[in-house]
Amino acid sequence: MEDKVLIFGHKNPDTDSICSSIVHAILDKKNGWETKAVRLGNVNKETQYVLNYLGIEAPELIEKVEEGQKVILVDHNEFNQSVEGIEKAKILGVTDHHRIANFETTEPLYYNAKPYGCTSTILFEEFKRLRHEIEKTEAILMASAIISDTLLLKSPTTTEHDKKALEELAKKANIDVNEYGLEMLKAGTDLDDFSEEELINIDAKSLDKEGTKFVIAQVNTVSIEDVLKRQEKLEDAINKEIEEKGLSLFVLAITDILNSNSEIIALGSKADVVEKAFGKKIENNRVFLEGVVSRKKQLLPQIDKNI
């Protein structure tokens, strides 16, 4: 595999990570380059809905890369969110919509980062810039990623670029955005089959600020109350993660995709950071945050500056 350029998103991949990896490889092929989309974790139910809809297989799972392996990163840049061995890989490019942190290369590279709601919006603009035809498969993949990352354009991370891209992609894909999008998002809220350990890692991002390690995890639901019925077991799983990984803080955001609110479970020696960040008192290890749905724009910046 080392002779192929591998494209992948972050660990615990979401719909944007998987779809953008596949789309990037499609775009590369149109440009005459041979690359391969892979993944760094299990496919969640929301993403599986998209793959089933298209009748395509998930990218191959990899756990590490060898020294000198040529790679392209999508939907992330921080090494602690990437594959084992990334420090010694040859990074040819990055396409991302997150902050840049803990990132360093020994050689120049292509870096395409924009403050959009979704990586696939950046890829959509690349298709347009290079004047490549967007076919139905990649249209659905990109539309699905945008719907996922922006919660059907409700998230505060949504930009006019995302709205414009989704409108055009929906036409090319011949889908009703609201109908398709709601079914896709609801597919991702089926949490019954997940253990508590799996649930807190469905979409968890590890961060490190000056040696302080913390995790912000998120699960989407249509009923926060249903998830909170498992609070005691969720806390047991979180405390185990804290102990095993030496974390100072673990934040689990339980996000209601219909009403655009989140309930936070915060544990760890620096749990009081959440109180400082949002000006609310933690009660029973929980805080309700009205109108908060975005980890990238609403949770991470506030928590990060108070760590």
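Tabulated data
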item: For A145: the one exception among (1) surrounded by 18 or more Cβ atoms within 10 Å (Cβ to Cβ); (2) over 14 Å from L258 (Cβ atoms); (3) of a type outside the set (F, W, Y); (4) touching a Gly at 6+ places or on another chain (Cβ under 9 Å); result: (4)
item: Residue in the stretch 54-72 that is in contact with an Asp or Glu (Cβ under 9 Å, 6 or more places away or on another chain) and closer than 19 Å to D149 by Cα present; result: no
item: Index of the failed condition, L92 passing every other in (1) more than 25 Å from N44 (Cβ to Cβ); (2) part of a strand (DSSP E or B); (3) free of Cβ contacts under 8 Å to residues at least 40 places away in the same chain; result: (3)
item: Pair list, Cβ < 7 Å and 6+ apart or interchain, from the stretch 255-279 residues that are touching a residue at least 40 places away in the same chain (Cβ under 8 Å) to residues that are of a type in the set (S, T, Y) and in a helix (DSSP H, G or I); result: none
item: Every residue from the stretch 124-136 that is more than 21 Å from L152 (Cβ to Cβ) and part of a helix (DSSP H, G or I); result: E126, F127, K128, R129
item: Count of the stretch 105-141 residues which are more than 24 Å from M184 (Cβ to Cβ), under 20 Å from the mean Cα position of the chain (by Cα) and aromatic (F, W, Y); result: 1
item: Considering residues of the stretch 32-57 that are touching a strand residue (DSSP E or B) at 6+ places or on another chain (Cβ under 6 Å) and not in a loop (DSSP other than H, G, I, E, B) only, the residue nearest to I200 (Cα to Cα); result: R39
item: Test set (1) closer than 29 Å to S262 by Cα; (2) out of contact with any helix residue (DSSP H, G or I) (no Cβ under 7 Å at 6 or more places or on another chain); (3) modelled with pLDDT under 95 - P156 fails condition number; result: (2)
item: Count - residues of the stretch 1-31 that are modelled with pLDDT of 95 or more and either more than 20 Å from the chain's Cα centre (by Cα) or in a helix (DSSP H, G or I) (or both); result: 18
item: Every pair of residues 6+ apart whose Cβ atoms lie under 6 Å, when the first sits in the stretch 170-193 and is outside the structural domain of S223 (by TED's automatic domain parsing) and without any contact (Cβ under 8 Å) to a residue 60 or more places away in the chain while the second is part of a loop (DSSP other than H, G, I, E, B) and buried (at least 16 other Cβ atoms within 10 Å of the Cβ); result: K172/I134; G181/L152
item: Count of the stretch 194-237 residues which are of a type in the set (K, R) and assigned to a strand (DSSP E or B); result: 3
item: Long-range neighbours under 8 Å by Cβ, at least six apart or interchain, first residue more than 17 Å from T212 (Cβ to Cβ) within the stretch 233-247, second modelled with pLDDT of 95 or more and hydroxyl-bearing (S, T, Y); result: A237/S195
item: Answer residue from the stretch 259-307, given it is under 22 Å from T158 (Cα atoms), surrounded by fewer than 16 Cβ atoms within 10 Å (Cβ to Cβ) and not polar (S, T, N, Q) and is nearest to the chain's Cα centre (by Cα) among those; result: P301
item: Tabulated pairs, the stretch 2-26, first touching a residue at least 24 places away in the same chain (Cβ under 8 Å) and assigned by TED's automatic domain parsing to the domain that holds G85, second aromatic (F, W, Y) and buried (at least 24 other Cβ atoms within 10 Å of the Cβ), C-beta under 7 angstrom, 6+ apart or interchain; result: S21/F8
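The values are calculated or read from the model by the stated rules, or taken from the named source; none is laboratory data. Keep in mind it's a predicted model, so treat the numbers as computed, not measured. Every residue, glycine as well, gets a Cβ built from its backbone with ideal geometry; the counts of neighbours run over all protein chains shown.
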